[in-house]
Structure formats: C-alpha cells, structure tokens
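Here the structure is laid out as structure tokens; the discussion comes afterwards.
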C-alpha cells in the first residue's frame, strides 16, 4: 500500500483524504511511517472510529466525527476544527485543541499536558491535565478535572443539574461566566455545585437559571461553590432570577452561597422609594407651571 495510508474496514485509504470514512477496528501495523506500532505522520480525517486502539506521534485533525471506544494515545496533538468527538475510553495526548464543534467525554479518561477549548466541551469521566485546562468556549458536565482550570468563557457545572469537580485551582477572569441551574435544595443533585479542592479566584459574571419549574422560597440557601484551598475575589456582575435585589450573595472563606428573599433587599426598596419620590416631585412641579 502507498505510504501515508492505513487499512480500514473499507480498504486502504490515505488518511489525508477527508471525504473517506475510515474505521480502525484493530492495531494498525500498516500505518506508514511507523515507530513500533505508532503513526508518526499527521492525520486529517472527517470520520474515524477507533475501537481497536491507535497510537500517534503526530497531529490528528478532525473536522467531522471521531468515536473512541477503546483507546487512543500518543505524544501528538489532537485538533478539532468542527464536528463531534465522543470519547468513551482512554485518550492520552500531548495536547488537545478544540477549535470548534463538540468534544464529549462520556466516561473513560482523558489525559493531556494541556487542553484549550474554544468550542463545546462536555466533561464526563476523568480529565487530567499536567499544565492547565483553558476554557474559552463552553464547558459543562458532571466530570472531574484534575489540574488547573482557567475560565475565560462559560462554565456550567453539572448536567441539568449536577456537580463539576476540580482537583486543583479554579480561576475565572473578567470575561468568564459561571452559569448555574437551581432545581431544588439538594446540593450537587437538584442545584449545580462547583466543587474545588484548591483555590477559587473569582471575577466575571454569575448567571443563575431556575430549572424544572422550581421556585425558591424565602430563606432558601444554595452553596454553589466550595473551595478547600480558599476563595478570593468576587463576581463583577450578576444575572439572577427575579433580579439581584431578591438575592443575598455570601462570600465565605471557602465557599459562595446564594440566599433567596421573597422581598427586595432594604437598600433596593429605599432606592425604588427615592426614585418614586423624585418622580412625584417632578410631576408636581410640572403641573404648577
């Protein structure tokens, strides 16, 4: 077979030709060039099913669909420009770069030096980064991320709702948003929880949505973020049900809690009253003229 091709279920196809659908059902000693049983060339695919195992030392770029049901490992880079990747097994790469589309980690494990997400990343199972996970897109799911998580986009813990665990530090900058769902009073089950073993450094936006028809009652508390290593910083802005005046946000040393009140906070009532009084005085002056 020619260099640069691999034998699949439909015969030998050059992996650089994206229109072909390639199924890798077993080890690929036919890959050329090889180092042991590793593909050292760069691969570009539009459809790839890895159910027998594949090792790569180059870069694999996906613009279509990749399904991993056994393992995919190597010292290369996994790049996704569009489409869908579903990992149900073990994936080990030097780096993972999600430039678009959706990467869905459904159980199993993903290990990389670093991950950059600019698309949609659904975190299930175990994810380990020795450097950091940089999120510029949307990150959601019930998985565990071991390493540093930097949020420059949207982090939505859980899966309507649930818990996202970070074994390490969490940093959210001014461009980042933490999006939560409240569907009841049970932490991590009926409302979202961000569970962090390291430190949490907060900026950006806190957005809260009600889920499943749930309506909070006066005095209901929701501790939605815990940080064993300590919490620093506060959110810059809030997008909350019924408006921020119905909520009291408590920043603790190791957690952040929302408390619902069915009447606006006194400061807000005074602000509304002052505004109404000013409008009344303006109307009276206007009528005298």
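The values are calculated or read from the model by the stated rules, or taken from the named source; none is laboratory data. Source: prediction; values computed, not measured. A quick note on method: Cβ atoms are made from the backbone with ideal geometry, for glycine too, and the neighbour counts reach across all protein chains shown.
Overview of values
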| item | result |
| --- | --- |
| Failed item in (1) closer than 17 Å to residue 145 by Cα; (2) more than 15 Å from the chain's Cα centre (by Cα); (3) at pLDDT 90 or above, with residue 80 passing the rest | (1) |
| Residues located in the range 172-189, provided they are assigned to a loop (DSSP other than H, G, I, E, B) and surrounded by fewer than 19 Cβ atoms within 10 Å (Cβ to Cβ) | 173, 174, 175, 183, 184, 185, 186, 189 |
| Single unsatisfied condition, residue 169 versus (1) surrounded by fewer than 20 Cβ atoms within 10 Å (Cβ to Cβ); (2) in contact with a strand residue (DSSP E or B) (Cβ under 8 Å, 6 or more places away or on another chain); (3) over 22 Å from residue 237 (Cα atoms) | (3) |
| Residue that is surrounded by 13 or more Cβ atoms within 10 Å (Cβ to Cβ), part of a loop (DSSP other than H, G, I, E, B) and touching a helix residue (DSSP H, G or I) at 6+ places or on another chain (Cβ under 8 Å), where the choices are 241, 264 | 264 |
| Hey, residue 271 more than 28 Å from residue 194 (Cβ to Cβ), surrounded by 12 or more Cβ atoms within 10 Å (Cβ to Cβ), modelled with pLDDT under 90 and out of contact with any helix residue (DSSP H, G or I) (no Cβ under 8 Å at 6 or more places or on another chain) or not | yes |
| Failed item in (1) within 22 Å of residue 131 (Cβ to Cβ); (2) surrounded by fewer than 17 Cβ atoms within 10 Å (Cβ to Cβ), with residue 82 passing the rest | (1) |
| Filter result (within 10 Å of the chain's Cα centre (by Cα), over 13 Å from residue 145 (Cα atoms) and part of a strand (DSSP E or B)) within the range 116-130 | 117, 120 |
| Flag if residue 216 is touching a strand residue (DSSP E or B) at 6+ places or on another chain (Cβ under 9 Å), under 18 Å from residue 238 (Cβ atoms) and not in a strand (DSSP E or B) | yes |
| Failed item, numbered, when residue 75 is tested on (1) more than 15 Å from the chain's Cα centre (by Cα); (2) closer than 18 Å to residue 146 by Cα | (2) |
| First in the range 209-220 and without any contact (Cβ under 8 Å) to a residue 12 or more places away in the chain and on the phi < 0 side of the Ramachandran plot, second anywhere and assigned to a loop (DSSP other than H, G, I, E, B) and surrounded by 15 or more Cβ atoms within 10 Å (Cβ to Cβ), Cβ under 9 Å, 6 or more apart | 215/241 |
